[in-house]
Amino acid sequence: MKPFLDTGFFVTLLVVTAGSRAAWQIARSFNVPLRLTHLQRFQVENRLLRESASTESLALRTAATGGLQRLHHYLDEMIFQPVHVDYDIALLLASQWQRELGTQTPPALLLLWPAVAVAVGATHFLSFDPRPRKLAKAAGLKLLPERL
């Protein structure tokens with residue numbers, strides 16, 4: 001079984017949210033290390049870095065700083081491991097879905113994550129967002145959590 005975590009699911013493993021407990025229960029059902037693409041890490045790390053410098057909210061800064069610390073700790077402990085992706089395959093698949101969906105297409109990264117999951121040979125797609133879940137299910141991936 002090979003899980004693929006979309007970035008929203010990945011963030012819930014790093015920052016305590018309402019979905020964190022469920023996310024960790026699901027993540028623990030797979031053998032570690034959990035595979036991440038360099039793009040996933042970059043996107044999440046970038047978001048947490050920006051939020052850790054937020055002038056709007058002390059709570060947001062604190063959560064983001066803790067998330068960054070957990071990210072680096074989990075990488076050091078090999079809970080997460082980078083995986084290489086053939087992005088040409090993923091982008092071709094995401095482009096095909098975009099053409100098929102027409103004006104109903106979701107934002108680009110929500111098309112890309114299920115396509116990347118297919119490109120890396122994932123068997124399960126872990127996401128709390130219904131938009132990429134539809135694409136992942138249509139591509140034959142098992143969805144976790146099973147229901148939102």
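Only the coordinates and a few stated rules stand behind these numbers; no lab work does. Values in this document were obtained by computation on a predicted structure and should not be read as measured data. So basically every Cβ, Gly included, is an ideal-geometry build from the backbone, and we count neighbours across all protein chains shown.
Some values worked out for this structure:
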{"item": "Taking Leu36, Leu143, Leu148 and counting other C-beta atoms within 10 Å, the order from fewest to most", "result": "Leu148, Leu143, Leu36"}
{"item": "Anchor Lys142: aspartates and glutamates whose Cα lies under 20 Å away (excluding residues fewer than 8 positions away in-chain)", "result": "Asp6, Asp129"}
{"item": "Part-to-part distance (alpha-carbon centres) for segment 44-82 and segment 4-34, which is given in Å", "result": "14"}
{"item": "Assigned charges on the beta-carbon of Lys, Arg, Asp, Glu; segment 3-144 dipole about Cα centre (debye)", "result": "360"}
{"item": "Net +/- balance of residues flanking Ser127 in space, Cβ distance below 14 Å, scoring K and R +1, D and E -1", "result": "+3"}
{"item": "In Hz, Karplus ³J(HN,Hα) per residue of segment 133-148 (6.51, -1.76, 1.60; θ = phi - 60°; x = Gly, Pro)", "result": "4, 4, 5, 4, 5, 4, 7, x, 7, 7, 9, 9, x, 4, 10, 8"}
